[in-house]
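The values are calculated or read from the model by the stated rules, or taken from the named source; none is laboratory data. Everything numeric here is computed off the predicted structure, so don't read it as measured data. Here the Cβ positions follow ideal geometry from the backbone for every residue, glycine too, while neighbour counts run over all protein chains shown.
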Amino acid sequence: MLMGQRYPTAPEDGSMTFRPKPGFVPVPELEQILRHCPSAESFVNGFTLGDADCDEIVRAAQVLEGSQVYVDPALIAREPQRMADLLARTTRLLQVALDMQFQENEQHVSKLNGYEERVRELETDLEGLREMQDRFRLNADAAGLQQKC
């Protein structure tokens, strides 16, 4: 949690439960998943993703989130740089997916704040209309009494 904020779906005690990751992503599949990962240079210089690339990153992140990333000890021994590159690319892909999620969440929060502000305005308008209605009723009652006298 960031700065003591609670997640809305978290239990009252602040704990969060994570489901087990029964499967794993072997290296050949991981390489295939990471084909849409932005390069390290892109991270330094900034980049823009099209809708199709965003969709691919989300799909890849969902696969990675649902499984363990398998680090092959034999590959580490034979090709440590390749394994380090795979893990760095995995991290970059997940960072992009997180950033996309944060941006989407910010948009939703902004919309929600706008809706809440509009509801407050409508409640204020409604209260004013109720007060006006009460004044009209009082005036109508007073006019009715004057006619009877």
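Screening Asp85 against (1) exposed (fewer than 12 other Cβ atoms within 10 Å of the Cβ); (2) modelled with pLDDT of 85 or more leaves a single unmet condition, (1).
Within the stretch 64-82, can you find the residues that are over 17 Å from Asp99 (Cβ atoms), in a helix (DSSP H, G or I) and in contact with a Leu (Cβ under 9 Å, 6 or more places away or on another chain)?
If we filter the stretch 64-82 for residues that are over 17 Å from Asp99 (Cβ atoms), which is where we start, we get 66-82.
Narrowing further to those that are in a helix (DSSP H, G or I): 73-78, 80-82.
Scanning the stretch 64-82 gives Leu75, Arg82.
Of the residues Thr90, Thr124, the single one that is in contact (Cβ under 8 Å) with a residue 60 or more places away in the chain and among the hydroxyl-bearing types (Ser, Thr, Tyr) is Thr90. Number of residues in the stretch 24-45 that are without any contact (Cβ under 8 Å) to a residue 40 or more places away in the chain and either charged (D, E, K, R) or touching a Leu at 6+ places or on another chain (Cβ under 7 Å) (or both) equals 3.
Can Ser110 be described as part of a helix (DSSP H, G or I), out of contact with any helix residue (DSSP H, G or I) (no Cβ under 7 Å at 6 or more places or on another chain) and either surrounded by 13 or more Cβ atoms within 10 Å (Cβ to Cβ) or in contact (Cβ under 8 Å) with a residue 12 or more places away in the chain (or both)? Judged against the criteria, Ser110 is not a match.
Summed over the stretch 41-61, residues that are surrounded by 12 or more Cβ atoms within 10 Å (Cβ to Cβ) and in a helix (DSSP H, G or I) total 11. Glu65 meets each of the listed conditions (1) under 16 Å from the mean Cα position of the chain (by Cα); (2) surrounded by 14 or more Cβ atoms within 10 Å (Cβ to Cβ); (3) not aliphatic (A, V, I, L, M) apart from (2). When the test is whether a residue is within 24 Å of Glu29 (Cβ to Cβ), more than 33 Å from the chain's Cα centre (by Cα) and exposed (fewer than 12 other Cβ atoms within 10 Å of the Cβ), Arg130 does not pass it. For Val96, the conditions (1) more than 25 Å from Val109 (Cα to Cα); (2) at pLDDT 90 or above; (3) β-branched (Val, Ile, Thr) are fulfilled apart from (1).
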